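What follows is a set of notes on a single structure, which appears directly below.
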Amino acid sequence: MKKSFNLLNIKSKKNIALAFSLFFLLFILFPRMPYCAAKEKTEDPLDILAPSALLVEKDTGAVLYEKEPNERRSCASITKIMTMLLVMEAIDSGDLAETDLIVTSEHASSMGGSDIWLEPGESMTVSEMIKAVMISSANDAAVALAEHIAGSEEAFVDKMNERARELSMNNTVFKNCNGLDEEGHLTTAYDISLMTRELMKHKGIFKYSSIWLDYLRDGKTQLVNTNKLLKTYQGITGLKTGTTDDAKCCIVATAKRKNLNLIAIILGAENSKDRFADASKLLDFGFANFISITPNLKDNALPDLKVKNGIKSSVKLSVDFSKDILIEKGAQKDITHFLEVLEETPAPIKKNDIVGKLIYKNGDEVIAEYDVKVADDVEKISFIIALKSLLYELIKL
């Protein structure tokens, strides 16, 4: 009886050897086919080299790209974004003026790394100190500002950590105000996006972050911006670079084209060239694929709201379009909107009372909601008011 060869039911040593040879040949000839297919699925389409990166839209905080955004890392002088946030908040609240003089302490003058060689007792204005921090990333100027605001660097760092908690920067701990390497001084790309978005609300910061070249000490000290993208990237507005042994090369790059404001964050790049290249890739991706649109309605698009027992039977409505809508390019045709408003409300009502929402959707996804508000006050009708109104009408006759 003739025997059949079955790889699933091998009995002879000869067949075992033959089967092993076949499997070995298959492994040698085709080992990479399934591996490559799997690898292609996980490859980074932007080929970002840095270990941690994030791209967000400034107004909405929408994440457009991420790579290990919650990995805790050293961040070098990116720390100074929080330092500048507290400085700008103090200026905008009136507690600090850009013309105020700051006298340099022994502690501030002792900072190493990037600095402007402040001498103990040397004085500069707040504006000059901010220039030094934002253009040349001066560690001594950052500490001088911190001490002037809080009395000591330690007290200022407490304020930094308190502000971080208020912004829900849950993976961040600051140990100093300038970003010099220190054990436990850690943050994440996502947390950095939160404090960056908050700083960008203070428009005054951009008159410093966008400066390429400036001078202090009557022209004796030259400041050259550490953010090389200011010279090469269209629409760049700032914001901060950072480099230390622990953090390696980092950058938060902000850029605006038309209505679209983007924030690119790179942490841990191997060299300065890579950080700028990675940041440019992120910004290019954002501007190529997304747009920001400002919604608007025709004058008659909002119905009048009926008012029960009011001196007016109806009142006009309004919508405050305080934020633009972020969408992918080409998706405008898929955007729809609809109203959810009360048909009638009892008096009295006050101007800006919220009576509904205007909702924008992209397909089934809600992409924006705006409060619909009452445009005017409407008092509740009473006998006295009705009588006054009647007399007024009689007088007109």
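The values are calculated or read from the model by the stated rules, or taken from the named source; none is laboratory data. On a predicted model such as this, the values are computed, not experimentally measured, just so you know. Cβ: placed from backbone, ideal geometry, glycine included. Neighbour counts: every protein chain shown.
Within region 358-376, being under 14 Å from Lys323 (Cα atoms) and without any contact (Cβ under 8 Å) to a residue 60 or more places away in the chain holds for Ile359, Ile367, Glu369, Asp371. In region 153-193, of all residues being under 16 Å from Met84 (Cα atoms) and small (Gly, Ala, Ser), the one that is nearest to the chain's Cα centre (by Cα) corresponds to Ser193. Residue count for region 248-290, restricted to those that are at pLDDT below 95 and either part of a helix (DSSP H, G or I) or in contact with an Asp or Glu (Cβ under 9 Å, 6 or more places away or on another chain) (or both): 1.
Yes/no matrix, rows are residues, columns are (1) in contact (Cβ under 8 Å) with a residue 12 or more places away in the chain; (2) in contact with a strand residue (DSSP E or B) (Cβ under 8 Å, 6 or more places away or on another chain); (3) under 24 Å from Leu230 (Cβ atoms):
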site	(1), (2), (3)
Gly112	yes, no, no
Asn139	yes, no, yes
Val143	yes, no, no
His148	yes, yes, no
Phe156	yes, no, no
Asn170	yes, no, no
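To keep it simple, each residue is scored yes or no on (1) surrounded by fewer than 20 Cβ atoms within 10 Å (Cβ to Cβ); (2) at pLDDT 95 or above.
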| position | (1), (2) |
| --- | --- |
| Met33 | yes, no |
| Thr79 | no, yes |
| Glu89 | yes, yes |
| Ile102 | no, yes |
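One residue stands out in region 320-338 among those that are part of a strand (DSSP E or B) and in contact with a Pro (Cβ under 8 Å, 6 or more places away or on another chain): the one that is nearest to Thr60 (Cα to Cα), namely Ile325.
Can you pull out the residues in region 100-115 that are in a loop (DSSP other than H, G, I, E, B) and either more than 33 Å from the chain's Cα centre (by Cα) or under 19 Å from Ala76 (Cα atoms) (or both)? Across region 100-115, the qualifying residues are Ser105, Ser110, Met111, Gly112, Gly113, Ser114, Asp115.
Got a number for residues in region 302-319 being under 38 Å from the mean Cα position of the chain (by Cα) and outside any loop (DSSP other than H, G, I, E, B)? Summing the residues that are under 38 Å from the mean Cα position of the chain (by Cα) and outside any loop (DSSP other than H, G, I, E, B) in region 302-319 gives 4. Taking the stated definitions as given, is Glu122 of a type outside the set (Phe, Trp, Tyr) and without any contact (Cβ under 8 Å) to a residue 24 or more places away in the chain? Yes: the conditions hold for Glu122.
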